[in-house]
1. Residues of region 59-77 with the amide nitrogen closer than 16 Å to a label point 7 Å from the Cα of Asp207, along Cα-to-Cβ, please.
2. Quick one: accessible area per residue over region 297-366, 1.4 Å probe, rounded to a whole number of Å²?
3. What is the distance, in nm, between label points placed 7 Å from the Cα along the Cα-to-Cβ direction at Ser92 and at Val244?
4. Size of the dipole of region 149-207 about the Cα centre, Lys and Arg at +1 and Asp and Glu at -1 on the beta carbon, nothing else charged, in debye to 20?
5. Using unit Cβ charges (K, R positive; D, E negative) and no other charged atoms, how large, in debye to the nearest 20, is the dipole of region 150-270 about its Cα centre?
6. Only sites in a loop by DSSP and with at most 10 other Cβ atoms within 10 Å count here; which GluC sites (Glu not before Pro) in region 162-231 make the cut?
7. Once region 238-322 is represented by equal point scatterers at the alpha-carbon sites, with solvent omitted, what log10 I(q)/I(0) does the Debye formula produce at q = 0.20, 0.24 Å⁻¹?
8. When the convex hull of the Cα atoms of region 145-256 is projected onto a plane and the area is averaged over all directions, what value comes out in nm²?
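The values are calculated or read from the model by the stated rules, or taken from the named source; none is laboratory data. No experiment lies behind these values; they were computed from the predicted model shown. Positions of Cβ are generated from backbone atoms using ideal geometry, with glycine treated the same way; all protein chains shown enter the neighbour counts. To get the accessible areas, we keep the full protein, side chains included, count just its heavy atoms, and leave off ligands, DNA and RNA. Shrake-Rupley method; radii C 1.70, N 1.55, O 1.52, S 1.80 Å.
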Amino acid sequence: MSPQALTDEIARVRESGLLGRSQTLSRFFDFLVAQPPEAAAKESEIALSVFGRGASFSTDQDAVVRVYAHRLRRKLEEFHDRSPSPFGVRLSLPRGEYRIAADTISQPPGAPPERPSRRLWWIAAAVGVALVAALTLIGAGRAAGADPARQQPWASLASDRLPLVIVVGDYYLFGDSGEGMEIQRLVREFSINSKDELYAYMMRHPDISGRYADLGLTYLPLSTATALQHVMPLLPRDKPMRIVPASSFSPDLLKSADVLYLGHLSGLGVLKETAFAASRFSFGETYDQIIDRRTGRRYEGQAGADAAGGLMYRDYGYVASFTGPAGNRITIIAGTRDASAQGVSEAATQVDSLRKLARATGRADSFEALYEVHGKGAVDIDTRLLLASPIDTSRIWSASLSGEGERFPAS
């Protein structure tokens, strides 16, 4: 085995996504491959160098090194089984040792390609379903001279040459192994929305950090596909566009592209501060509670409690569209739950509803609106506009917003 072949295989492992989004697992792998080939590191040394444990570390009381070793060993085995090395090298973590072993293998012909990450499968599935449905509906809402694409916010999207970024609200999941070695359950925690936040949480809680692991998983609400189905026929066909999950959205896009968010209000991610910077609304104890800051009235969705029981319930949706810092367009179409997310995406693409919204906002170029949605199960039965207001966009981009107070549920 040549040194170059080993170096190339190590690089292939790093670049494959095998280690997921876990910085801890990546550091563990990097530490091991940096060791001499036949020298096994000590558990206490790894605990100190990789996991930040102190001098009081005890292997009897803290199994973090063994847990991560088990995960890395399994990942390497699965990776090489499905994607044999083109360099003739197989990396492994021998049981009972903390070192990376490299064995020479022959590369079989026609080795299977690596599979896409499970996260991308979720996104691709939702987007694919919506696009197929959208292609069958193009032009359906434009009959008899009634063209919703001529209404705001869709008219603004067609009037500039900027690319369009469609942001879909996804949710980060991580694994919990409990007291054992294998992952026992998936966890969704609203205060942990990325691998970096998971890592930061584990650093703050070292006593339980060995339980949690980044799995490279997110999920999309089913209503996102329906929302895409509604809006796709109205988007300019000659406009460059791409779809990104909210967890991967970069704030620099707020200046370089038109942005359209579809999903749940709780899935806005880094967009939520911008979306609600000049809003008359804030959230109560949860994202099901919307407060009108001007009147003090609270609107509380019932989907969480009643949808599972098959009862009719009341839910709320939100639509906003305003000018970005570079003259671009930022649009938010979101609901507290699936039914309201579907309901407002439909309302935001129907001529009569858009005209009613325009009248309610005085035909303002930048505006926001609250909708009430009656749902049953995950289906929107009826959607009606409750109130709408113009938005002062100068307040969104003003540095003076820092004193306005909290608008979101505490993490």
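1. Counting only backbone N, you get 61-64.
2. Here the per-residue accessible area is 39 Å².
3. Here the modelled spin labels are 4.2 nm apart.
4. 480
5. It works out to roughly 580 debye.
6. Glu179
7. -1.02, -1.25
8. 9.3
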